[in-house]
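The values are calculated or read from the model by the stated rules, or taken from the named source; none is laboratory data. Treat the numbers as computed from the prediction; the structure is a model and nothing was measured. Cβ sites come from the backbone with ideal geometry, for glycine too, and all protein chains shown count toward neighbours. For the accessible areas, the whole protein counts, side chains as well, though only heavy atoms, and no ligand, DNA or RNA atoms are used. Shrake-Rupley method; radii C 1.70, N 1.55, O 1.52, S 1.80 Å.
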Amino acid sequence: DFVQDYSFFKRHVSGLVRWLWQIEVVGAENQPQEDGYLLCSNHTSMSDVIVLAVGSKRIIHYMAKAEWLHIPIIGLFLKSLGAFPVRRGKADLAALKHAMNMIRAGDIVGFFPQGTRCPHVDPRTTEVKSGAGMMAYHTKCKVVPVYIKTKQNKTKMFHKTQVIYGPPISYEELPFEKGTTAEFREATAFIFDRICALGEQTPPAS
C-alpha cells in the first residue's frame with residue numbers, strides 16, 4: 001500500500017536522510033496544509049526528490065522517467081516517494097492529465113520547471129519548459145516555489161542542504177489571459193524567477 005510505504009519512509013528513513021544530506025528546512029510555514037497544489041523547485045540531482053520529501057509535511061507525487069520505475073529497488077523506492085511514470089522525449093499527455101487530476105483531487109504534485117537536472121550551474125542561466133505554467137493554468141491551483149540551496153548547486157550526502165519554501169503563488173498572479181503556449185512559458189518563467197529569488201534572498205546555512 002502506497003500510503004503505508006510513504007508513512008514507513010517518513011517514520012524510519014527521513015531522519016537518516018535528513019542527517020545524511022544535512023537538511024535544513026526554511027519557510028516550512030509556507031506549505032499549504034489543505035487542497036492540491038503544484039510544488040516547483042530547481043533541479044540539481046536525482047536525490048532532490050528525497051530531500052524534498054523530507055522537507056514536506058504531506059505526500060509529494062512526482063513524474064519520473066518510466067524506465068527508472070522498472071529498475072529493481074530504485075523503482076520501488078521512487079514509487080514509495082509518490083512517483084508515477086512519464087515518457088521522456090515526447091509530450092506525455094496522459095501523465096500530464098494524471099498529474100492535473102491529482103492536484104484537482106487535493107494532492108501535491110512536485111515539478112521541476114527545468115525539465116532535467118542542472119548540477120553545478122546557476123539555475124538562472126538554465127532554460128525552463130512550459131509544463132508548470134500549463135498545469136497551473138488548467139488546474140487554477142496555487143504554486144509553491146521551493147529552492148534547493150547547496151554548495152555548487154548539487155545535492156550531495158554530507159553537504160549542507162537548505163530546502164527553502166516561498167509563499168504560494170496564486171493563480172491570479174500568473175500572466176494568464178487566453179491560455180496560450182506563450183503564456184505557459186511566461187508563467188513558468190515567472191514561477192522560476194520566484195524560485196531563484198529564494199536562493200538569493202536566503203543566507204547560506206551555518
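The table below lists the values:
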quantity	calculated
Among (1) under 30 Å from PRO203 (Cβ atoms); (2) modelled with pLDDT of 90 or more; (3) surrounded by 21 or more Cβ atoms within 10 Å (Cβ to Cβ) - the single one PRO32 does not satisfy	(3)
Pairs, first polar (S, T, N, Q) in the stretch 155-175, second in a helix (DSSP H, G or I), C-beta under 8 Å, six or more apart	THR155/ASP48; THR155/VAL51; THR161/VAL51
Tally of residues being open to solvent by less than 50 Å² (accessible area, probe 1.4 Å) and in contact (Cβ under 8 Å) with a residue 12 or more places away in the chain across the stretch 5-25	8
Count of the stretch 102-118 residues which are under 19 Å from ARG194 (Cα atoms) and open to solvent by 30 Å² or more (accessible area, probe 1.4 Å)	4
Qualifying residue in the stretch 135-150 (condition: touching a Ser or Thr at 6+ places or on another chain (Cβ under 8 Å), within 21 Å of ALA53 (Cβ to Cβ) and open to solvent by 80 Å² or more (accessible area, probe 1.4 Å))	yes
Top-ranked residue of the stretch 165-196 - restricted to ones that are touching a strand residue (DSSP E or B) at 6+ places or on another chain (Cβ under 8 Å) and either small (Gly, Ala, Ser) or more than 25 Å from VAL51 (Cβ to Cβ) (or both), ranked as surrounded by the fewest Cβ atoms within 10 Å (Cβ to Cβ)	SER170
Output for the stretch 107-144, where each listed residue is closer than 19 Å to VAL163 by Cβ, outside any loop (DSSP other than H, G, I, E, B) and hydrophobic (A, V, I, L, M, F, W, C)	ILE108, VAL109, PHE111, ALA132, VAL143, VAL144
Tabulated pairs, the stretch 26-51, first over 25 Å from ARG104 (Cβ atoms), second open to solvent by less than 20 Å² (accessible area, probe 1.4 Å) and assigned to a helix (DSSP H, G or I), C-beta under 6 angstrom, 6+ apart or interchain	ASN42/PRO123; ASN42/ILE195; ILE50/VAL17
